[in-house]
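Here the structure is laid out as structure tokens; the discussion comes afterwards.
The values are calculated or read from the model by the stated rules, or taken from the named source; none is laboratory data. From a predicted model like this one, the values you see are computed outputs, not experimental measurements. All Cβ positions, glycine included, derive from the backbone under ideal geometry; neighbour counts span all protein chains shown. Note: areas computed on protein heavy atoms with side chains; ligands, DNA, RNA excluded. Shrake-Rupley method; radii C 1.70, N 1.55, O 1.52, S 1.80 Å.
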Amino acid sequence: MTLLKRIIACLDVDEGRVVKGVEFVNLTSVGDPAAMAERYEADGADEIVFLDVSATHSGRATLLDVVSRTAQRLFIPLTVGGGVRTVSDVDLVLRAGADKVAVNSAAVSNPLLLTEASVRFGAQCIVASIDARSREGGWEVYVNGGRVPTGLDAIDWARRCADLGAGEILMTSIDRDGTRYGYDLDLVAQVSEAVNVPVIASGGAGNAKHISEAFTSGADAALLAGILHDGTTDLLTLKAELLREGHTVRRAA
Amino acid sequence: MTTIALLDYGTGNLHSLAKAMARVGEVRIADDVSDALCADMLVLPGVGAFGQAASETAPFRGEIRSALAEGLPCIGVCLGMQLLLDSSEESAGEGIGLIGGSVRRISAKRLPQMGWNSVDWDSVARPSRASLRVPRLEVAYFANSFVASPSDESSVVAWATHEGDRFPSVVRTANTVGIQFHPEKSSRAGVDFLCGVAEELLACR
């Protein structure tokens, strides 16, 4: 037996509330990250990611409160990203109750942050989150929410992040994000080949077939957001389809 | 009321473990070893690096080892299980040494082992002190690059395999159980397993 392929539900959190495409109509939990995370756990999610998109300090403080509330009732791994700049930010997020911390822009401006955080907290809780946009002959890393190009090659940067101490790579295709056309499979295949840490494919999931393709291309895990939040499908259905496709995924308890 | 002391080595998330065990007893986070050893059960949590945790526990290793050898119920999770051995390839420092042997890197291309894997229960019949009666957990969440390599495998209750490399996933010596995966991150079934182990150990006091 080897590791099961993971499905990770991602929630964008702004000022303590889930934003973007959340349209559960008959639920009182709409918009509450802790309640939604708990619901996804019950449905069979293997992990949860909170991505903080708050622009303000008060938003950040609220996020820590949300993380600690979530940790009280969630019994699957929780990754928190967005606005993590320093080792002490990593410490605060872990202390609040996250299991892993995703570092994005700050790793580009200060690559040693990955090393310092990894030595102190262990590689297994440091995720390098990379936003990549395709360009001639490959993909370029963008930072600040995908707005600012860095000139870095995404595959080289992923390799470097793993060398610096990241224990996992979360690779998001900016081109595919929100399109539901499927993951960028070339990107998934190349980054999985380039690094020896687990790779999470992100950006573009529209159905179970897309997840299946990402797994076949080498991803260890697939990140989902919109199609879960708007009720297009659910984790039970997706996992049943993936099992039929011959993928080893965990059945919901 | 049963008291459970969760030893804080100074890093990482202790919330989930504390919350998961709250139905077994009153859980308190302890930074002081002597204080922790006065509780009904000691829990060695599973976050951080070996060196860091060993530097916190090493000054008290004799004290902890005697308490565990004398039957203090104890659960070590992930790194907390690894601390029960003598040493680790991960970093310098002395473990508690309750279980003879060392901690080694998993022989695999992709590390850390991150995700859900099977728990393979050992089929060899064992005397009750080296086994567990709680309902078996079949699949659990792992997040580790290092594993225990005990010199004597009689303490191994269950195994797991990553990329062909087999290693102990549950060990038991006296009233101490080491768990390489994270039961507190293995959904409801994991929490039930963890609490079941705790209750079984407390009943053996």
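For this structure, a couple of remarks:
- Residue identified as under 14 Å from the mean Cα position of the chain (by Cα) and over 26 Å from residue B:199 (Cβ atoms) among B:10, B:48: B:48
- Residue count, segment B:79-95 (criterion: of a type in the set (A, V, I, L, M, F, W, C) and surrounded by fewer than 24 Cβ atoms within 10 Å (Cβ to Cβ)): 1
- Selection from segment A:133-145 of residues that are open to solvent by 10 Å² or more (accessible area, probe 1.4 Å) and either within 14 Å of chain B (Cβ to nearest Cβ) or in contact with a Ser or Thr (Cβ under 9 Å, 6 or more places away or on another chain) (or both): A:133, A:134, A:139, A:140, A:142, A:143, A:144, A:145
- Filter result (more than 8 Å from chain B (Cβ to nearest Cβ) and open to solvent by 50 Å² or more (accessible area, probe 1.4 Å)) within segment A:65-91: A:65, A:69, A:85, A:86, A:88
- Matching entry among B:110, B:136, B:104 (being touching a residue at least 12 places away in the same chain (Cβ under 8 Å), open to solvent by less than 60 Å² (accessible area, probe 1.4 Å) and part of a loop (DSSP other than H, G, I, E, B)): B:110
- Some residue of segment A:225-237 being within 18 Å of the chain's Cα centre (by Cα), within 23 Å of residue A:139 (Cα to Cα) and among the hydrophobic types (A, V, I, L, M, F, W, C): yes
- Within segment B:148-166, the set of residues being more than 10 Å from every other protein chain (Cβ to nearest Cβ), surrounded by fewer than 22 Cβ atoms within 10 Å (Cβ to Cβ) and not in a strand (DSSP E or B) comprises B:151, B:152, B:153, B:154.
- Residue B:187 vs. criteria surrounded by fewer than 24 Cβ atoms within 10 Å (Cβ to Cβ), within 14 Å of chain A (Cβ to nearest Cβ), among the hydroxyl-bearing types (Ser, Thr, Tyr) and closer than 27 Å to residue B:18 by Cβ: no
- Residue in segment B:134-147 that is acidic (Asp, Glu) and more than 14 Å from chain A (Cβ to nearest Cβ) present: no
- Strands (runs of 3 or more DSSP E) fully within segment B:1-78 that include at least 3 residues being free of Cβ contacts under 8 Å to residues at least 12 places away in the same chain and surrounded by 21 or more Cβ atoms within 10 Å (Cβ to Cβ): none found.
- Tally of residues being in contact with a Ser or Thr (Cβ under 9 Å, 6 or more places away or on another chain), outside any loop (DSSP other than H, G, I, E, B) and under 18 Å from residue B:20 (Cα atoms) across segment A:43-73: 3
- Complete set of residues in segment A:200-221 that are out of contact with any Pro (no Cβ under 8 Å at 6 or more places or on another chain), closer than 21 Å to residue A:11 by Cβ and within 12 Å of chain B (Cβ to nearest Cβ): A:200, A:219
- Condition check for residue B:139: closer than 19 Å to residue A:125 by Cα and not small (Gly, Ala, Ser): no
- Within segment A:156-175, the set of residues being assigned to a loop (DSSP other than H, G, I, E, B) and either of a type in the set (A, V, I, L, M) or crowded, with 24+ Cβ neighbours inside 10 Å (or both) comprises A:166, A:167, A:174.
- Residue match in segment B:98-105 (condition: closer than 20 Å to residue A:77 by Cα and either modelled with pLDDT of 95 or more or within 13 Å of chain A (Cβ to nearest Cβ) (or both)): no
- Residue in segment A:115-132 that is away from every other protein chain (no Cβ under 14 Å) and over 16 Å from the mean Cα position of the chain (by Cα) present: no
- Residue in segment B:121-131 that is aliphatic (A, V, I, L, M), more than 13 Å from chain A (Cβ to nearest Cβ) and open to solvent by 30 Å² or more (accessible area, probe 1.4 Å) present: yes
- Meets criteria (surrounded by fewer than 20 Cβ atoms within 10 Å (Cβ to Cβ), of a type outside the set (A, V, I, L, M) and over 20 Å from residue A:44 (Cα atoms)) for residue A:196: yes
- With respect to the stated conditions, residue A:101 is outside any helix (DSSP H, G or I), at pLDDT 95 or above and not hydroxyl-bearing (Ser, Thr, Tyr).
- Within segment A:94-113, being over 14 Å from the mean Cα position of the chain (by Cα), open to solvent by less than 10 Å² (accessible area, probe 1.4 Å) and within 14 Å of chain B (Cβ to nearest Cβ) holds for A:94, A:97.
- Matching residues in segment B:168-183 - criterion: being over 13 Å from residue B:144 (Cα atoms), in a strand (DSSP E or B) and not polar (S, T, N, Q): B:170, B:171, B:172, B:177, B:178
- Checked against (1) within 14 Å of chain A (Cβ to nearest Cβ); (2) crowded, with 24+ Cβ neighbours inside 10 Å, residue B:176 meets all criteria but (1).
- Number of the condition not met by residue B:119 [criteria: (1) without any contact (Cβ under 8 Å) to a residue 40 or more places away in the chain; (2) farther than 25 Å from residue B:62 by Cα]: (1)
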